[in-house]
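S.K.: Just dropping this structure here.
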Amino acid sequence: MSQTVYPVPAEWAANALVDEAGYREMHRRSLDDPEGFWAEQAKRIDWITPFTRVKETSFDEADFGIRWFGDGALNLSANCLDRHLEARGDQVAILWEPDSPDEPERRITYRQLHADVCRFANLLKSRGVGKGDRVTIYLPMVPEAAVAMLACSRIGAIHSIVFAGFSPEALAGRIQDCDSRVVITADEGLRGGRKVPLKANVDAALNHAPGVETVVVLKRTGADVAMRDGRDIDWADGIAEQSAECEPTAMGAEDPLFILYTSGSTGKPKGVLHTTGGYTVWAAMTHEYVFDYRPGQIYWCAADVGWVTGHTYVIYGPLLNGGTTVMFEGVPNFPDPSRFWQVVDKFGVEIFYGAPTALRALMREGDEWVAKTSRKSLRLLGSVGEPINPEAWEWYYRVVGEERCPIVDTWWQTETGGATITPLPGATPMKPGSASWPMFGVKPLLLDADGNVLEGAAEGSLVIADSWPGQMRTVWGDHDRFFQTYFTTYKGYYFTGDGCRRDADGYYWITGRIDDVINVSGHRMGTAEIESALVAHSKVAEAAVVGMPHPVKGQGIYAYVTTNAEVEPDDALRAELVKWVRTEIGPIATPDVIQFAPALPKTRSGKIMRRILRKIAENDTGNLGDTSTLADPSVVDHLLANRPATA
Ligand code: PRX
């Protein structure tokens, strides 16, 4: 564990919105007087109907409920667009960088974005979409993804974005779960010079999701794609006749805003539901304080809108704060590993926010790719999605930021809506690898296995003691699953699923997931999902999936597979299974290692002993712990003797 502490640079402490004393005072007040604190913070938003009630929340089973600003009404898209028109209508809202540096960038002003959003909202309305209807968005990183999101929020439709790397099967499941009648997609996506057949994927998905009545298709590459009469509309044709005015719908603070599917330790991905008022206040507030953001600063969050980071910190947070947000269609190493920093120079990016996995990949390519760019515009760096190892942190700090830029290592989750434990650049002396201190309104606790609250320096399960406005409100269609998943492991607390250590200075260090979720390149995968994809293959009898350390991805996917008795496992089957999982879920779920096993280690009651499987995957086989409850200990010997050479 790194012991280095980097002080807040003097000019940051002097000029930032919040300094260390300010942070302590605001955090104390946010917990002592949540009503007063949040009523004040909510003033950053334009309300159509002012709220009179602030916090009505309980994590206890008897009166469980989460409501924030419950009797207020607002519109998120109007807060992102309309209210900026007078002062900054001609300011660039979205700076778009295409996959290939040879294609021109696009600069979309607030005025233009407002008009585009209104036209698209009117198109949706003309297809019968209204308040509360679900709209699935399956788009690459193009400005139209922002237009589609903002158009939904303008008319009160609930968007559900599905990452454009997911397979038709995964897309179909997400369309059906929330019963979307509309899908918004593109002919093809472009990533790292490769084409992704998005429309064809949608067509394949809709074979399993016949309820979809409208598919809007953006022309991105101009590929010739099949269009079904009556169902499919070309984006440009669809908006051609639409008015550039569309009255924003007044949304109750607790009206649903969006659904985003995320993986858990069991079952199918859950539709995490966020509502309008609390999420909007939380997105705007956290974006401002975490990035010390002032309107008009050039800001780049290199996440995809298919993940929560893209929702809160590519689109909603920056636009709520009158920002100029960079949207990047491509990947960090195309055409070469300088790309990120070339884009920084091209646009004069001041704040850059990315994922450790990308940094580790670039770090391997050597410093020269960074050194040949200027990066003089950079003032602040951010990290998100997975623990950042101190080595990658130091590289980011020294090589990318030239020891000039503070780093904010933001811990949060799809469920928490926005940064929940994070340094603030003007307030928090930095410890490489530590997410540091709780955001305003957040009271983290560490619990031991029996649910006792641990004090002082300690390590345990990370829970949050009380509600904050950006918290998810339910699992779409399954409120009981919401309660069971998050509030029953430790009664009365929100359980994050993460393990965490707190040091003697009160800094939080996230140690990673302690449930059956793994984090691959900052993408969350349920091991159960990959297992069910594997056992759906006709030659597979049983499968168990665990995480393994991976130098670039953080965690890799290690799958133990038992084939049906008559099947002879070989490399051809291994390749077939890898391909199978990619088609069932998507390339992000590609197993790194498949180990064939005649049997899996089980207890006498038939429960798979994952602890042992994890140890073998980690190649930490010296001490497998207590194996006395195994039904057949020879199974473990076989596994140890047959670890694949690739592992
Ligand atoms: O394990 C934590 C890890 O990512 C999980 C949440 O994943 P997801 O809902 O996909 O959201 C990712 C983007 C916010 C967490 O439970 N995680 C996220 N950020 C960090 C992190 N682990 C350590 N440090 C972080 N900064």
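Any read-out appearing in this document is the output of simple, stated calculations on the displayed coordinates, not a laboratory observation. From a predicted model like this one, the values you see are computed outputs, not experimental measurements. Here the Cβ positions follow ideal geometry from the backbone for every residue, glycine too, while neighbour counts run over all protein chains shown.
S.K.: Using only helices, what value at 222 nm comes out for the chain when you add -39,500 (n - 2.57) per DSSP H run of length 4 or more and divide by the total residues, to the nearest 500 deg cm²/dmol?
M.R.: Helices in the chain give a 222 nm mean residue ellipticity of -8000 deg cm²/dmol.
S.K.: May I ask which residue of Ala427, Met141, Asn321 lies farthest towards the positive end of the charge dipole of the chain, with charges of +1 (Lys, Arg) and -1 (Asp, Glu) on Cβ and the Cα centre as origin?
M.R.: My answer, from the dipole projection, is Met141.
S.K.: Which trypsin sites (Lys or Arg not before Pro) in the range 331-384 pass both tests, a DSSP loop state and at most 16 other beta-carbon atoms within 10 Å?
M.R.: When the trypsin sites (Lys or Arg not before Pro) of the range 331-384 are filtered for loop state and at most 16 Cβ neighbours within 10 Å, Lys372, Lys376 remain.
S.K.: Mind checking the dipole of the range 521-642: about its Cα centre, +1 per Lys or Arg Cβ, -1 per Asp or Glu Cβ, Debye to the nearest 20?
M.R.: For this selection, approximately 440 debye.
S.K.: I want the local charge near Leu424. Using Cβ-Cβ distances under 12 Å, sum +1 for each Lys or Arg and -1 for each Asp or Glu among the other residues.
M.R.: -4
S.K.: Could you give the nm distance between label points at Thr511 and Ala631, where each point is 7 Å from its Cα heading toward the beta carbon?
M.R.: Spacing of the two 7 Å Cα→Cβ label points: 3.1 nm.
S.K.: Let me ask something else about it. Hey, rough spin-label estimate for Ser532 and Asp71, points 7 angstrom out along Cα→Cβ, what's it come to in nanometres?
M.R.: 4.3 nm
S.K.: Distance cut-off 27 Å, Cα to Cα: go down the list Lys268/Lys553; Lys431/Lys553; Lys131/Lys195; Lys125/Lys195 and report the pairs above it.
M.R.: Exceeds cut-off: Lys131/Lys195; Lys125/Lys195.
S.K.: Would you mind working out the magnitude of the charge dipole of the chain relative to its Cα centre, with +1 at each Lys and Arg C-beta and -1 at each Asp and Glu C-beta, to the nearest 20 Debye?
M.R.: Value, rounded to 20: 220 debye.
S.K.: A further question on this structure: Work out the charge dipole of the chain with +1 on the Cβ of Lys and Arg and -1 on the Cβ of Asp and Glu about the Cα centre, then indicate which of Leu454, Trp509, Gly310 is farthest towards its positive end.
M.R.: Among Leu454, Trp509, Gly310, the one farthest towards the positive end of the dipole of the chain is Gly310.
S.K.: From the phi of every residue in the range 438-447, what ³J(HN,Hα) in whole Hz does the Karplus formula 6.51 cos²θ - 1.76 cosθ + 1.60 yield, where θ is phi - 60° and glycine or proline is x?
M.R.: These are the phi-based 3J(HN,Hα) values: x, 5, 4, x, 10, 10, x, 9, 10, 10 Hz.
S.K.: Order 35-46, 507-518, 156-167 from most to least packed using the mean count of other Cβ atoms within 10 Å.
M.R.: 156-167, 507-518, 35-46
S.K.: For Ala244 and Glu103, what does the FRET efficiency come to when R0 = 30 Å and r is the distance between their Cβ atoms, rounded to the nearest 0.05?
M.R.: 0.70
S.K.: If you don't mind, another one. Restricting to bridges with both residues inside the range 521-642, how much of the DSSP beta-bridge set is antiparallel, in percent to the nearest 5?
M.R.: 75 percent
S.K.: Mind scanning Lys199/Lys539; Lys579/Lys607; Lys199/Lys579; Lys199/Lys346; Lys55/Lys491 and naming the pairs with a C-alpha gap bigger than 25 Å?
M.R.: Correct reply: Lys199/Lys539; Lys579/Lys607; Lys199/Lys346.
S.K.: For the range 1-42, report the translational diffusion coefficient in µm²/s to the nearest whole number, using Stokes-Einstein at 10 °C, 1.306 mPa s, and a Kirkwood Rh over Cα pairs.
M.R.: 130 µm²/s
S.K.: How big is the range 315-359 on each of its three principal axes, counting only the C-alpha atoms and giving the largest first in Å?
M.R.: Principal extents (Cα only, largest first): 33, 22, 17 Å.
S.K.: Just add up the charged neighbours of Leu378: K/R +1, D/E -1, any other residue whose Cβ is under 11 Å from the Cβ of Leu378.
M.R.: Local net charge: +1.
S.K.: Normalise the Debye intensity by I(0) for the range 199-263, one equal point scatterer per Cα, no solvent, then take log10 at q = 0.12 Å⁻¹ and round to two decimals.
M.R.: The Cα Debye sum returns log10 ratios of -0.51.
S.K.: So for each of 315-324, 416-425 I average, over its residues, the number of other beta carbons within 10 Å; can you give me the resulting order with the highest mean first?
M.R.: Peptide ranking by packing, descending: 416-425, 315-324.
S.K.: Given Cα pairs under 8 Å that are at least 6 residues apart, what percent is the relative contact order of the range 521-642?
M.R.: Averaging sequence separation for qualifying contacts and normalising by length gives 23 percent for the range 521-642.
S.K.: Where nothing but the Cβ of Lys and Arg (+1) and of Asp and Glu (-1) is charged, how large is the charge dipole of the range 103-252 around its Cα centre, in debye to the nearest 20?
M.R.: 320 debye
S.K.: Rounded, prolate or oblate: pick one for the range 234-330, where a ≥ b ≥ c are the square roots of the eigenvalues of its C-alpha gyration tensor, a/c under 1.5 means rounded, and failing that, prolate if a/b is larger than b/c, else oblate.
M.R.: Rounded, since a/c falls under 1.5.
S.K.: Continuing with the same structure: How charged is the neighbourhood of Ser58? Take every other residue with its Cβ under 11 Å from the Cβ of Ser58, and add Lys/Arg as +1 and Asp/Glu as -1.
M.R.: Cβ neighbours under 11 Å give a net charge of -3.
S.K.: Out of all Cα-Cα pairs in the range 521-642, roughly what percent, to the nearest whole number, are more than 22 Å apart?
M.R.: Result: 33 percent of Cα pairs exceed 22 Å.
S.K.: Bin by bin, in steps of 5 Å, what percent of the Cα pairs in the range 103-252 do you find, going until the bin that has the longest distance?
M.R.: 2, 10, 20, 23, 22, 14, 7, 2, 0
S.K.: Taking only the alpha-carbon positions of the chain and ignoring solvent, what does the Debye formula give for the base-10 log of I(q)/I(0) at q = 0.06, 0.10 Å⁻¹?
M.R.: For the requested q values the scattering log ratios are -0.32, -0.93.
S.K.: So, by mean Cβ neighbours within 10 angstrom, what's the order for 454-461, 480-487 with the highest one leading?
M.R.: Sorting 454-461, 480-487 by mean packing, highest first, produces 480-487, 454-461.
S.K.: Then there's this: Return, in residue-number order, each cysteine of the chain whose C-beta is not under 4.7 Å from any other cysteine's C-beta.
M.R.: Cys80, Cys152, Cys178, Cys301, Cys405, Cys500
S.K.: Still on this model: With θ set to phi - 60° and the Karplus curve 6.51 cos²θ - 1.76 cosθ + 1.60, what are the ³J(HN,Hα) couplings of the range 618-628 in order, to the nearest whole Hz, using x for Gly and Pro?
M.R.: Whole-Hz 3J(HN,Hα) from phi for the range 618-628: 7, 6, 10, 9, x, 10, 7, x, 6, 10, 5.
S.K.: In Å, what is the Rg of the alpha-carbon atoms in the range 375-516, and how long is Dmax?
M.R.: Cα radius of gyration and Dmax of the range 375-516 are 16.1, 51 Å respectively.
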